[in-house]
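> Structure in structure tokens, see below.
The values are calculated or read from the model by the stated rules, or taken from the named source; none is laboratory data. Worth saying up front: this structure is predicted, and the values here are computed from it rather than measured. Quick reminder, even Gly has a Cβ in these numbers, built from the backbone with ideal geometry, and neighbours come from all protein chains shown. Side chains are part of the model used for accessible areas, which takes the heavy atoms of the whole protein and leaves out ligands, DNA and RNA. Shrake-Rupley method; radii C 1.70, N 1.55, O 1.52, S 1.80 Å.
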Amino acid sequence: MLKWAIIIVAALICVALFMNLWRLIQGPSIQDRILALDTMYINSIALIILYGINVGTGLYFEAALLIAMLGFVSTSALCKYLLRGDLIE
Amino acid sequence: MFPAKESRFLPMPFHSLLLFIVWLLLNNTLAFGHILLALFFAWAIPKLVSMLKHGHPTIKKPWLALRYALLVMKDILVANIEVALIVLGPLNKIHPSFIAIPLDIKSDLGVTLFASTISLTPGTVSTEISEDRKWLYVHALHMDDPEQMIKEAKERYEVPLKEILGC
Amino acid sequence: MEFWLESLVAIVLVIGGVFLLIGSIGLVRLPDIYTRLHGPTKATTLGIAGLLLASSVVSSFAEGSISIHEWLITLFLLITAPVSANMIAKTALHHGLPAIERTKGQELMEQANRQAPPTGMTTSLESDAKDKQP
């Protein structure tokens, strides 16, 4: 039962990732693209955690945590750059 | 337990507690050695960085803070279901709106917590704050009655936050 | 693992996945950048929380000891999601991106970008109230 749930959720997340990709390519403004990228980070964290459940190790936790941190930092760096035209003032 | 004058031994008690918990969570263990190491970090790091900061925010009522956290958790759950229904439903019926919420809270931490709570709960995202810190600009996904919403947000989140931070 | 616990974990997993998908559907479907912010910031936080809860229960059973370090990611996302949403909204206002036409209170966008207090706020509220009465 858990195996089936994992397969279903993986399919859902893949669909979500393709939707984000569509917004990333289509997005009329650059802010839309940043938002799509941010959502993609979160969806990939979910995919990694799902794989961790599937193979039954806790090793992937660190990878997920790193993606979460780098995703936040890169989102705020991109926004800061768009706001000021400069990262370090 | 929470002295008004900050002690020299533990300058930031809540940061110490947070560091202790996060260190144990990161290592996912309750082994004696790690507890010892966590205690050392929780004591040493705040002591090192406390001189970089002016005016530490203090939490006056920790139990109220816990209740506030539970309230926000519940509201996040409700908000998610509401937003999910709006997203999946017909989109030409929603009425998005910009509103300005007057702020009574003054401290940095208070404003940050209030804005974050607004972002996480029912159908609103905080966008910008005015320079004099008296107004918070909020974008709402679906808005029928702005005044009612402002009143509710202030009563539900700002009043307890003010009480917790004591300002 | 016992059957009821396994089915509970499976249900939590599927709920989390559905919320993640809803967040992304919101990103695609909603009409302008300001409304699009709502989907990902809220729905994905809960989706990730569901997945991590399931992961925490499964690994607790696999290792035979309680494993709660997954909650660190949930906590981190809970803190950062509103901040990044706020930064994106700020940038959108700064670039003067248009909101869809039926958005109310559009005069506030320009004042928000200047970080000025809203000048016509009380009057606009009063006029709204007047519009509603008849």
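> Report, in listed order, any pair from C:LYS42/C:LYS90; B:LYS93/B:LYS134; B:LYS61/C:LYS104 with a Cα-Cα distance greater than 28 Å.
In this structure, B:LYS93/B:LYS134; B:LYS61/C:LYS104 exceed 28 Å between Cα atoms.
> Compute, for chain C, the length of the dipole vector about the Cα centre, with Cβ point charges of +1 (Lys, Arg) and -1 (Asp, Glu) only. Units Debye, rounded to 20. List each step's numbers first, then the result.
Numbers: 9 positive and 11 negative charges, 86 e Å.
Roughly 420 debye, rounded to the nearest 20.
> If you don't mind, there's one more thing I want to ask. Using only protein heavy atoms and a 1.4 Å probe, report how much of B:LEU30 is accessible, in Å² to the nearest 10.
Here the accessible area works out near 140 Å².
> Separate question: Based on the Cβ-Cβ distance from B:VAL78 to B:VAL49, what FRET efficiency comes out when R0 is 41 Å, to the nearest 0.05?
Once rounded, the FRET efficiency stands at 0.65.
> What's the average, rounded to a whole number, of partner chain beta-carbon atoms within 10 Å of each residue's beta-carbon in B:145-156?
1
> Once the dipole of the protein assembly as shown is set up with Lys and Arg at +1 and Asp and Glu at -1 on Cβ about the Cα centre, which of B:ILE129, B:SER16, C:GLY47 lies farthest towards its positive end?
About the Cα centre, the residue reaching furthest to the positive side is B:SER16.
> So what's the convex hull volume per residue for the Cα atoms of the protein assembly as shown, in Å³?
Enclosed volume per residue, from the Cα hull, is 161 Å³.
> State, to one decimal in nm², a quarter of the convex hull surface area for the C-alpha atoms of chain A, i.e. the direction-averaged projected area.
Answer in nm², one decimal: 6.5.
> Below 15 Å, Cα to Cα, which aspartates and glutamates can B:LYS47 reach? Residues fewer than 8 away in the same chain don't count.
Here the aspartates and glutamates satisfying the reach criterion relative to B:LYS47 are B:GLU6.
> With the full set of protein chains in place, find how many percent of the accessible area of the protein assembly as shown is carbon and sulfur; take the probe as 1.4 Å. Don't jump to the answer; show the numbers that get you there.
Working: 13910 of 20000 Å².
Carbon and sulfur together cover 70 percent of it.
> What is the local net charge at B:ILE164, summed over the other residues whose Cβ is closer than 12 Å to its Cβ (Lys, Arg +1; Asp, Glu -1)?
So the environment of B:ILE164 carries a net charge of +2.
> Suppose R0 equals 35 Å; then what is the FRET efficiency for B:PHE40 and A:MET69 from their Cβ-Cβ distance, rounded to the nearest 0.05?
The calculated FRET efficiency here is 0.90.
> Solvent-accessible area of B:HIS34, probe 1.4 Å, all protein chains present, reported in Å² to the nearest ten, please.
Its accessible surface works out to 60 Å², give or take rounding.
> Turning to a different aspect of this structure: What is the Cα radius of gyration of segment B:13-52 over 2.2 N^0.38 Å, N being its residue count?
Ratio of Cα Rg to 2.2 N^0.38 Å: 1.14.
> Taking Rh as the Kirkwood radius, which is the inverse of the mean 1/r over Cα pairs, what is the Rg/Rh value for chain C?
Here Rg/Rh amounts to 1.17.
> Which aspartates and glutamates, if any, have their Cα less than 16 Å from the Cα of A:LYS80, not counting same-chain residues under 8 positions apart?
Correct list for A:LYS80: A:ASP32, A:ASP38, A:GLU89, B:GLU128.
> I need the peptides B:104-111, A:13-20, B:156-163 ranked by packing, meaning the mean over residues of other C-beta atoms within 10 angstrom, with the highest value on top.
A:13-20, B:156-163, B:104-111
> So how strong a dipole does segment B:62-165 carry about its Cα centre when Lys and Arg Cβ are +1 and Asp and Glu Cβ are -1, to the nearest 20 debye? Let's see the in-between values first.
Values: 10 positive and 14 negative charges, 45 e Å.
Charge dipole, segment B:62-165, about its Cα centre: 220 debye, nearest 20.
> Then there's this: So what does log10 I(q)/I(0) come out to for segment B:62-165 at q = 0.11, 0.18 Å⁻¹, using the Debye formula with one equal point on every Cα and no solvent?
Ignoring solvent entirely, the Cα scatterers give -0.34, -0.87.
> May I ask you to work out the translational diffusion coefficient for segment C:37-112 at 10 °C, viscosity 1.306 mPa s, via Stokes-Einstein with Rh from the Kirkwood sum over Cα pairs, reported in whole µm²/s?
106
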